[in-house]
1. Hey, got the average number of other protein chain Cβ atoms within 10 angstrom for residues in B:308-318?
2. Can you pull the mean other chain C-beta count within 10 Å for peptide A:196-209?
3. Dividing the Cα radius of gyration by the Kirkwood radius, what Rg/Rh value follows for the range B:391-504?
4. When only DSSP loop residues count, what GluC sites (Glu not before Pro) in the range A:155-208 have their Cβ near at most 16 other Cβ atoms within 10 Å?
5. For the range A:298-306, take each phi angle, set θ = phi - 60°, evaluate the Karplus expression 6.51 cos²θ - 1.76 cosθ + 1.60, and give the result in whole Hz per residue in order, putting x for glycine and proline.
6. Be a star and scan the range B:234-250 for residues whose amide nitrogen sits under 18 Å from the point 7 Å along the Cα-to-Cβ vector of B:GLU320.
7. Taking the Cα-to-Cβ direction at A:ASP530 and at B:THR463 and moving 7 Å from each Cα, how far apart do the two end points lie in nm?
8. Could you compute the FRET efficiency for B:LEU172 and B:SER237, with r as their C-beta to C-beta distance and R0 at 51 Å, rounded to 0.05?
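Computed from the coordinates by the stated procedures, all read-outs in this text should not be read as laboratory data. As the structure is a prediction and not an experimental result, all values here were calculated from the model. Positions of Cβ are backbone-derived with ideal geometry, glycine not excepted, and every protein chain shown enters the neighbour counts.
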2 protein chains.
Amino acid sequence: MSFETREKGMVTFLPSSKTALSEDSLSLMKLSQLSGVPIYNTCNAIGTCGKCLVKVDGPCSTLTKVEAHFLTEEQISGGIRLACQCQPLGDVRVEVPQQEVPKILSEGLKVAAAPRPNIRKDVVQLDPPTLADQSADLTRVRRALGLHEAGKETELGLLKMLPKSLRQESYLVTAVRAGGSLVAVDAGDTIKELYGVAFDIGTTTVVGYLHDLNTGRQIDIASDLNPQVDYGGDVISRIEYTMQDAAGLHRLQRAIVQRLNSLIEILCGRAGIRLESVCEVTIAGNTTMHHLALGLEVYHIAQAPYIPVADQGLELRAGEIGIHIHPQGRLYCLPNIASYVGADIVGGLLACRLDKRPKPTLLLDIGTNGEMVLGCRDRMVAAASAAGPCFEGGNILFGMRASGGAIHGVSFAGGDVRLEVIGGEQPRGLCGTGLIDLVAEMVRSGLVEESGRLMAPDSSDCTEPGLLRRVRQGEKGCEFLLVPACESATGRDIVLSQRDIREVQNAKAAVCAGIKVLCIEFGMEMEEIDTILLAGAFGNYISRTSAVIIGLIPNLPLERIRSVGNAAGVGSALALVSTRARSLAERLARRVEYIELSGNPTFSNEYADAMYFPV
Amino acid sequence: MSFETREKGMVTFLPSSKTALSEDSLSLMKLSQLSGVPIYNTCNAIGTCGKCLVKVDGPCSTLTKVEAHFLTEEQISGGIRLACQCQPLGDVRVEVPQQEVPKILSEGLKVAAAPRPNIRKDVVQLDPPTLADQSADLTRVRRALGLHEAGKETELGLLKMLPKSLRQESYLVTAVRAGGSLVAVDAGDTIKELYGVAFDIGTTTVVGYLHDLNTGRQIDIASDLNPQVDYGGDVISRIEYTMQDAAGLHRLQRAIVQRLNSLIEILCGRAGIRLESVCEVTIAGNTTMHHLALGLEVYHIAQAPYIPVADQGLELRAGEIGIHIHPQGRLYCLPNIASYVGADIVGGLLACRLDKRPKPTLLLDIGTNGEMVLGCRDRMVAAASAAGPCFEGGNILFGMRASGGAIHGVSFAGGDVRLEVIGGEQPRGLCGTGLIDLVAEMVRSGLVEESGRLMAPDSSDCTEPGLLRRVRQGEKGCEFLLVPACESATGRDIVLSQRDIREVQNAKAAVCAGIKVLCIEFGMEMEEIDTILLAGAFGNYISRTSAVIIGLIPNLPLERIRSVGNAAGVGSALALVSTRARSLAERLARRVEYIELSGNPTFSNEYADAMYFPV
């Protein structure tokens, strides 16, 4: 019974200025829905989410218990009300706050998503049981949430936590739902503790992004090596490892899951939050990394016709693979496209949205494989070509990973060689970007011919006699002296051999021919590509000029070649923060047409042609 | 392209005689659906279940590959076709076989259910992958089943088995679905291997029923003790055990699950089937047995206001609680009504269908608790009253369980006592049914007064001087000598003490007062109950006459008192065989109104009244 005087009045919602005639016992929420400007909430307006804050000016019903629970004194004195609780009693102006759209940043790439997490929390004060109300714990929670239909598939983990969760804080609980299903009940009010970690599992490194799922905001980033590198540097060697040893698959899975757990611990430690407040984890990675993290057989990824176990997006319980977060926390794995175009590329598509672009754009991620998608809003086509390990320093005489002492930049100037070395140390070897720079400079200066042949030391065609002096006959044929022994960290000459140049030719031909096949599929020349987006660390650090000179990527004006940083990580974070992004990922993965290059005659022809360096 | 001549013709379905006009390229299945007599199938007519056998007479399309796969030569030559494959080419008569309705039998109770298992198997020959068709294993299976929408919640166990299952028998696989979701893929054709085990977990014994889920038929029954008896004879003592020892709950769970596994092994061994062909298990048991099997906390069942964790039916993976059947096999637990009216009573309701009866019928299961439902199609009301252990031989001086040497029947004739002893051995003590017989005979003969007082040895009111001689003053008051030391197995007199009679009075008063409360709720006298159905072993062996004489059950004509045997087990089997029975169980459990007797003043009054023996 209420003794408040009720008068009909006009309710105006700002900033839309839409209006509704107030009616007896209709809440502002209900009126806002009637007027076509529904106010954001996550509990279907049953008073459990506390998210429908509005600023009210005019006569209204008195504060409810629900409002007293959710609102601070400052908010109350500032005229803030919950729209689902407050009823207008005359002419009222209602300011509806606009939803925050947080930005997720990654080098070179800005992507926005309104938070629409898969996990939703609602605080509910349950009526304690009595002899007159003996409802089961589960029924009591479901009833309070307005879930009247009994869910059949109920998780044992949920049932096991119920008795304690209900009674620990006198039946004040936080219900946790995933994709609409009740999956957990926390004791007390944990509504603010709603975090997630998005992972990009690379073959070499793992990056984790901690996000507040209530706001969508990124809080922190942590990264580390993928510990599976101890079992093989590339995907093929890891797949071989699982074949040599019956426990190999399990060992690789355990290694990566332990790393994910340690990154989660680091992120939680730095942010000062409990592991249990991380409610969801997402994973993007290439198909092999995806399968290994889940403990799925990878053998058939490596064997023709190269078949993955699953390519759809997967929703699992994080605990099922040993990830330690909220005991009922979830795990979402982005979908894969094919065995060699994986969830990392789908993450990149989410971040780069080729499907929205009017003109054909190339998304390219170069590692031991060149993974590429050429697409625009009409069509998207993908392929993967085996570049081999040389861009990661493999199979190169003085090649090395991009770590301390690696030469990552090379330029020829005034007949001399200038080097950039990671950490400013004495040089130890060449990493991929340095290798490409060096070969590009040698091609540009004429030290390497179109065919890839290193000019003979006694050649008279060279315009750079200072550099020509560095060409010499080594034990295994011609070589270029990059760093003399006295300047190197190892006390040995650092050289580039003719064989190294052949490795680079093979690798760049594979990538270039792949791009060509995609262009042929689109019926266009490579130069007609509108923009090239270079994803991943290699794409981030590579010299675009050098890459064009050696013919690794098509010869576009440099402003149409952009690095997009860790696009896979951004995509993983988008899928973490928004279920809309997840649905989009599923659609994108299925829309992309995959072209198998292995055994493809067009590819073979283009590959042979692409062995040459551009003139 | 088909060169068969197509003519319009009339298709007649028998035995219904419904007809349909044949149309180009419509199958018999489609036509049967149009004519309103759909033919039974489980694959939505996509040709993977092979269940839509019909006998055809008239011109039809030629045999398809699918038919060649499913039909024997004998069937083919006998005119048998698959309705989903066969198209009529003129006037055709189609005999549609009527569905088998197998009978599930239990002593005194016949219940029929058409098989409609939760688990469904479909044999599919997949196209092997090629470079031109690189679909993932999961996609390949889903596509063949016509499941185009990607299921998001995909089980890790399914994904892990896919690569081997697909390739082991050259892509001939059996897809296993539970409640519509793909949950497993078996290598090869395992369609005939579709079994289930229905359990009734009693506080003392466990019974398992092996069923063929393709036909619904019961194959075998196996039973054993509930190994939890080592941790306490009744539910309360087991709950106390879980409170005394942190590992107690886990220990009790492990004990019962091991017993379920051993029963499954025995059943499979005798039937000569593999454990993996058991695809589902159902469990009915009282709420405590239900919770202990799932490892759920039982503490609050024993503490006022007596709250269970969950009362809805639960669908889980059998492996989650350690049951070893098909690696992706399911577990269904029937719903509970309240902490002391559990899934065993719901099973009994499924078997006895009080909800269909026009007149109020009482379903009564007597053990340490008397669990009772009074109901008819309009209404069902349930209660549980604490009878205490005396009906199981507890708290009785010479009481014992119903095992070898137990006196299970007593009658007085010609001034003497006649005994029935289990196993024909020398008597050791009295089990519950013998105890009730004895007390009933003593009441009938006047040796025990209405108040429960044993007649003094020197009384002159007794009409049976031969029996009166057996009444004597023992160490703890008056007692009745049932078996002299020289005739007993233990060499000691077997006697019934005044205190024993008080125990029986307490127990029967609790049950009787509970029944009275239910009758009051219905606004009727106890004698107006139409039928009493006695469930469980005790109800099966008890003398109905004796039960009426002591006032344990209302005084109805004996033909209106029936034993229904293990109704809980029958209900569990029904839920195993038919998803319809499951839905019904859910509805029944929620329809029953539970009346808490603890602290109920009506019950207290009736209890006091019911202490007297009827005159």
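1. Details: counts 8, 11, 10, 7, 8, 3, 9, 4, 6, 2, 0.
Taking all residues of B:308-318 together, the mean is 6.
2. On the way: counts 0, 0, 0, 0, 0, 0, 0, 0, 0, 0, 0, 0, 0, 0.
Per-residue shielding by partner chains comes out at 0.
3. Working: Rg = 12.9 Å, Rh = 13.8 Å.
Taking Rg over the Kirkwood Rh, I get 0.93.
4. On the way: sites: A:GLU155, A:GLU169, A:GLU193; in loops: A:GLU155, A:GLU169, A:GLU193.
Answer by residue number: A:GLU169.
5. Karplus values, whole Hz, x for Gly and Pro: 10, 3, 6, 5, 8, 9, 4, x, 6.
6. B:250
7. Taking the simple label geometry, A:ASP530 and B:THR463 are separated by 10.8 nm.
8. On the way: r = 53 Å, r/R0 = 1.04.
Once the sixth-power term is evaluated, E becomes 0.45.
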